[in-house]
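Below: the structure, in structure tokens.
The values are calculated or read from the model by the stated rules, or taken from the named source; none is laboratory data. None of the values given here were measured: they were computed from a predicted structure. So basically every Cβ, Gly included, is an ideal-geometry build from the backbone, and we count neighbours across all protein chains shown. The area values use the complete protein model at the heavy-atom level, side chains included, leaving out ligands, DNA and RNA. Shrake-Rupley method; radii C 1.70, N 1.55, O 1.52, S 1.80 Å.
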Amino acid sequence: MDYFAQQLINGLVLGSIYGLIAIGYTMVYGIVGMINFAHGDIFMIGGFIALITFLILISLGLTAIPVILLVVLLVSMAITALYGWTIERIAYRPLRHSFRLAPMLSAIGMSFVLTNYSQVAQGARVKPIPPFITGGYTLHESPDGFVIQLSNIQIMVVITTIVLLVIFNWLVSRTRLGRDMRACEQDQTMAALLGVDVDRTISMTFVIGAALAAVAGLMYLLYYGLVDFFMGFVAGIKAFTAAVLGGIGSLPGAMLGGLAIGLIETFWSAYFSVEYKDVAAFSILIVVLIFMPTGLLGRPEVEKV
Amino acid sequence: MNGDKILTVDRLTMRFGGIVAVQDLSFDAERKKITALIGPNGAGKTTVFNCITGFYKPSAGAIRLAHDDGRVIALERLNDFRIAKQAKVARTFQNIRLFPGMTALENLMVAQHNALMRASGFTLLGLVGAPGYRDAEKRAIDLATDWLRRVNLLDRADDAAGNFAYGDQRRLEIARAMCTEPALLCLDEPAAGLNARESAALSELLLSIRNELGTSILLIEHDMSVVMEISDHIVVMDHGVKIAEGTPREVRDDPKVIAAYLGADEEEAVAVMESGT
Amino acid sequence: MTAPSTNTAKPATGILALLKTAFINALVALVLFSLMVGIRTEAGSSGQLTYWTRFGELASLVAIVFGGSIVIELLRQWIGPTGAEKLVPPALQSGMSLIGRYLTPALLIFTLLVPVIFYDQRYILDLAILVLTYVMLGWGLNVVVGLAGLLDLGYVAFYAVGAYSYGLLATNFGWSFWICLPLAGILAAFWGVLLGFPVLRLRGDYLAIVTLAFGEIIRLVIINWQELTGGPNGVSGIPRPTFFGIPLDNSDEGFAARLGIEYSPTHRIVFLFYLILALALLTNWVTIRLRRLPIGRAWEALREDEVACRALGINTTTTKLTAFATGAMFGGFAGAFFATRQGFISPESFTFQESALVLAIVVLGGMGSQLGVALAALAMIGGFELFRGLETYRMLVFGMAMVLIMIWRPRGLIGHRAPTVFLTKAQAISSDLVKEGHG
Ligand SMILES: Nc1ncnc2c1ncn2[C@@H]1O[C@H](COP(=O)(O)OP(=O)(O)O)[C@@H](O)[C@H]1O
Ligand SMILES: [Mg+2]
């Protein structure tokens, strides 16, 4: 039971990170109808920028951890968002009304570019950082010595995710931008006729998605204490799986899918085998899609003939 | 209404969530006759077609198809492609659905898929070039050619269907449906978007299909000049229910029909009242 | 689509506007590269992270972006606002079909002569074998993506199934290549059907992720099922192909000895070349035949309009499954060839990048065009090879090329479809009309 509770905590934390990345996939899909294959790499870039900012701040002699965290968060969100914006401009916008496979391949190409760009720029070796946020709470200690730990970093990941979701939800449901985004999702032509700046709205979608991925990158860095140039691929595929599992295009679905994938992975590793955790996640995705072809929360596709 | 019935729709109901698109609808279509299904937009006509052709599974009711040889098939129990393949019901779509990147001839060849599949020994014989398949293919091309001639598109046989003018696409879609050699042909607004001359040609084509080939036709149409001219029997729907049926003359004079159309669209009502007089 | 686009890349006029654009681009580049390029991190020997600055590199990159923006902007003004599209004049495009008629036999004859012309150049022969392998993979995937319009991001899984089928059967049971080759194809086709079943109801992007997931599952199982597959270490000592039973080595029983000629390792290379050429041509021949059979027409019809297919009585389920199985079978053949050529296989050869590469070949080729796929494979693999020296930059350049090619020719090199049957004259159909499927 204690072991189970511990795994539940670990799974939720991992799921939060996946969920943050998955939102980026789902948002872009909702508006532009394409899979942004480069999104996983945006997450990786976010992690790298956070790492580099940390190093600089520390070497500048800063010691106040909250200040460092805040600066790192803002810098990595800002620069990563610019990556998202640039990629949309260069690789996707020219193909917006093109046929469906072209933007997908362009995105795959962009993903290769980003992966190898950071390999070339920062080397292939894994970059570790010393544990930054330490400590935590012991929630429960059983007589046989098993303890349930809740570390500060775990608390931080979950709280940050919740705060971001609240802000994000407000953004989408209450602001002008959110309304424009929903309008574009429904019908771009109509939205444009009604005075919505479609290009800007789409750009902003990429910017927001990238900023959320940057936060996920920072969390990943803090939680696992390392980044490497290839982490975007695996995390990206998982988050993409999460988005599809939840029903691509659905924002709550992305978060739900993220948590589901995080839990599946953690529990499979804990109770069966670590090696097959990804196989389990992918297999469950396939099984879910067999029975719910549009994911857990996706709108069922009605075929009007 | 005591002729030989090919299609019997019995208390058909189709619901989408809260919407009842078709409610308790019963009607028959006679063999070798043209039966028209008319009604204002949103009356549920296309939905009836989708139930008959297996694209929707009816919420309730029965749809029976009686073949010449006495076989009776419960259409509501067959799903999608089997209705076309086994029950021999062919259809066209309100929004034309050709294979735009394939030539007119190819479109008609695809329609003969099942016959050709058998002839090609499910691909294996065809792959090795067995003579039996070559003959079958030649016959298929002949049938397609024949239909292209009937719909007056023979000279465009090798053009991509997507390049055809609207009226030509409508006729090609009918030809494609006929290439499946159906017992019942269901046409969803075949005259939509046609000019007067094209509509007249369409009427002639449908009459020739009925008279020469003896194919039964179920027709959804708004163009009353076509409906009144060629229909043997008319079923009128409004809001998912049948409000009248009878011969063109009976329907035209039915006050309920006029009221339904008046409620929906004045122009259409006028068209109903004036047509055929 | 006619969405009233608000900024249709109005060509900047005047030198000032030009400089402004370039300046903004350079500024964006400066921010983007500032930390990623300007600062280099490295883990020291004790695990401690260190960093040093690289402002020189940063400055040159920003300068390149600045200069590049000016050049591109000028080019755009000269060529016209539509830009890339016009780089291929319509005359050339329509001429392609004519060239195509002569290009195909010319290319075929040249390919047949490659081992003669380049007999002494081992490197070119190896490269040619590699290109042909991808031509075959491209043709195989073309059945699924190009003809049936079904997206498959995990094609490499079937390549892997084929490779491991031969590798394991040959090393464990000593079965010969010629027995294993059809088996590899059948097993891959079997997996294709197995994958096909769950995905039949899925459309578009759901299909994309499931095929991708399937590819990853196969790769992960290969990595982790160590007892069977040797895990990351792979399978080694896979028998080399024999000339229908006669080994191509320098033993007394060998090919050279029997013919009474001097042994040369090139014999085997040449044999491998003709082997993959034969396999590729078989794939091509079968695909061309299938296109003219009802099944092939049904595949294309499925790509064009699935609803209409059902209304015509076509069983879309089996039609999709046969497409998956056929494509997978060719992938399996190619995999068996790969295993016998390398003599060693490991999961590293079957990553998502391979799937993406083959898919890029198919799309660049112009979906559904056999000649286009062959040309695209030649261009991609050949181009890739040019950057062999720049190991780390290779994938970077490859990724950029993929983006640029898609922007340049979103519908691929060969922009039309040839009809499968005609009454009087076969006319090429512009790819603007051809649908791309939604599955
Ligand atoms: N797939 C569907 N889902 C929900 N509602 C539908 C669907 N198909 C049809 N309807 C509804 O059924 C009603 C009848 O539509 P339809 O049969 O197309 O009318 P008609 O062809 O007579 O113009 C309409 O209100 C339409 O919105
Ligand atoms: Mg209708």
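So, counting K/R as plus one and D/E as minus one, what does the shell of residues with Cβ under 13 Å around A:A183 add up to?
Working: positive: A:R176, A:R179, A:R182, A:R200; negative: A:D180, A:E185, A:D187, A:D197.
Residues near A:A183 contribute 0 overall.
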Hey, can you grab everything whose amide H is under 5 Å from the amide H of B:C186? Only 5+ residues off in sequence or another chain; H modelled, so Pro and N-termini drop out. B:A90, B:R91, B:T92, B:L218
Could you state the number of Å between the C-alpha centres of segment A:211-242 and segment B:79-112? 48
Two-decimal Rg/Rh of the protein assembly as shown from alpha-carbon positions, Kirkwood Rh? 1.00
Crossing angle, helix B:255-264 versus chain B [Cα axis fit, 0-90 degrees, rounded to tens]: 80
Hey, with R₀ at 45 Å, roughly what FRET efficiency would C:L112 and A:E275 work out to, going by the Cβ-Cβ distance, to 0.05? 0.45
With label points built 7 Å along Cα→Cβ from the Cα atoms of C:S236 and C:D252, find their separation and express it in nm. 3.0
For B:V128 and B:S26, what is the calculated FRET efficiency with R₀ set at 45 Å and r taken between the beta-carbons, to the nearest 0.05? 0.30
Estimated D of segment A:2-291 in µm² per second, where Rh is the Kirkwood radius over Cα pairs and Stokes-Einstein applies at 20 °C, 1.002 mPa s: 109
Counting only other residues whose beta carbon sits under 11 Å from that of B:A104, what net charge do I get with K and R as +1, D and E as -1? -3
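Per residue, what accessible area does chain A have, given a 1.4 Å probe and all protein chains present, in Å²? It would help to have the intermediate numbers written out before the result.
Details: 11760 Å² over 305 residues.
Accessible surface, normalised per residue, equals 39 Å².
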Portion, in percent, of the accessible area of the protein assembly as shown that falls on carbon or sulfur, probe 1.4 Å: 63
Could you rank B:Y166, A:Y137, A:Y29, C:Y164 by how accessible they are, 1.4 Å probe, largest area first? A:Y137, B:Y166, A:Y29, C:Y164
Using θ = phi - 60° and the Karplus relation 6.51 cos²θ - 1.76 cosθ + 1.60, list the HN-Hα couplings for segment C:67-79 in order, rounded to whole Hz, with x at every Gly or Pro. x, x, 4, 4, 4, 5, 5, 5, 4, 4, 5, 6, 6
Residue-ordered couplings for segment A:285-298, obtained by feeding phi - 60° into the Karplus form 6.51 cos²θ - 1.76 cosθ + 1.60 and rounding to whole Hz (Gly and Pro as x), are 4, 4, 5, 4, 5, 4, 8, 10, x, 10, x, 5, 10, x
Cα-based Rg then Dmax for segment C:214-294, in Å, read 18.8, 51
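Within 10 Å of each Cβ in peptide A:153-163, how many partner chain Cβ atoms are there on average? Round it to a whole number, please.
Details: counts 0, 0, 0, 0, 0, 0, 0, 0, 0, 0, 0.
Other-chain Cβ atoms within 10 Å of each residue's Cβ, averaged: 0.
Leaving out ligands, DNA and RNA, calculate the buried accessible area for the pair C and B with a 1.4 Å probe, summed over both sides, in Å² to the nearest 100. All intermediate terms of the calculation are to be shown ahead of the outcome.
Details: alone 23850 and 13070 Å², together 33590 Å².
Result for this pair: about 3300 Å² buried.
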Among GluC sites (Glu not before Pro) in segment B:14-109, those in a DSSP loop whose Cβ has at most 13 other Cβ atoms within 10 Å are none
Roughly speaking, what is the centre-to-centre gap between segment B:160-217 and segment C:217-282 when only Cα atoms are used, to the nearest Å? 59
Roughly how much accessible area, to the nearest 100 Å², goes out of reach of solvent when A and C pair up, both sides summed, probe 1.4 Å? 6700
Along the Cα→Cβ direction, 7 angstrom out, place labels at C:D126 and A:D144. What is the inter-label distance in nm? 5.7
Nearest 10 degrees, 0 to 90: what angle lies between the long axis of helix A:39-59 and the longest principal axis of chain A (Cα atoms)? 50
Given H placed on each backbone N at 1.01 Å, which residues far from B:V241 in sequence or on other chains put an amide H within less than 5 Å of it? B:Q23
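For a 26 Å ceiling on Cα separation, which of these pairs sit above it: B:K57/B:K85; B:K57/C:K435; B:K32/C:K320; B:K5/B:K85?
Numbers: B:K57/B:K85 17 Å; B:K57/C:K435 28 Å; B:K32/C:K320 36 Å; B:K5/B:K85 20 Å.
The pairs that break the limit, which is 26 Å between Cα atoms, are B:K57/C:K435; B:K32/C:K320.
Using a Förster distance of 60 Å, how high is the FRET efficiency between A:R125 and B:R139, based on the Cβ-Cβ distance and rounded to 0.05? Walk me through the numbers on the way to the answer.
Numbers: r = 69 Å, r/R0 = 1.15.
That pair, A:R125 with B:R139, gives E of 0.30.
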In percent, what relative contact order does segment A:1-159 have, based on Cα pairs under 8 Å that are 6 or more apart in sequence? 31
The distance between the Cα centres of segment C:156-198 and segment C:316-353, in whole Å, is 8
Taking only C-alpha pairs under 8 Å that are 6+ residues apart, what is the relative contact order of segment A:2-291 in percent? 40
Return the long-range amide H neighbours of C:R54 (sequence gap of 5 or more, or a different chain), with a cut-off of under 5 Å between placed amide H atoms. C:I39, C:R40
A:I58 and A:Y224 label points (each 7 Å along its Cα→Cβ direction) are spaced in nm at 1.9
Rg/Rh for segment A:197-286: what does it come to with C-alpha atoms and Rh from Kirkwood? 1.03
If you average over every viewing direction, what projected area does the convex hull of the Cα atoms of segment C:386-435 give, in nm²? 5.2
Anchor A:K277: aspartates and glutamates whose Cα lies under 16 Å away (excluding residues fewer than 8 positions away in-chain): A:E265, C:E216
By how many degrees, between 0 and 90 and to the nearest 10, does the Cα long axis of helix C:370-386 differ from the longest principal axis of chain C? 70
Under the definition of partner shielding as Cβ atoms of other protein chains within 10 Å of a residue Cβ, what is the mean value for peptide A:94-100? 6
Phi-based couplings in Hz for segment C:20-35 (Karplus 6.51, -1.76, 1.60; Gly and Pro marked x): 5, 4, 4, 5, 4, 4, 5, 5, 4, 4, 4, 5, 4, 8, 3, 7
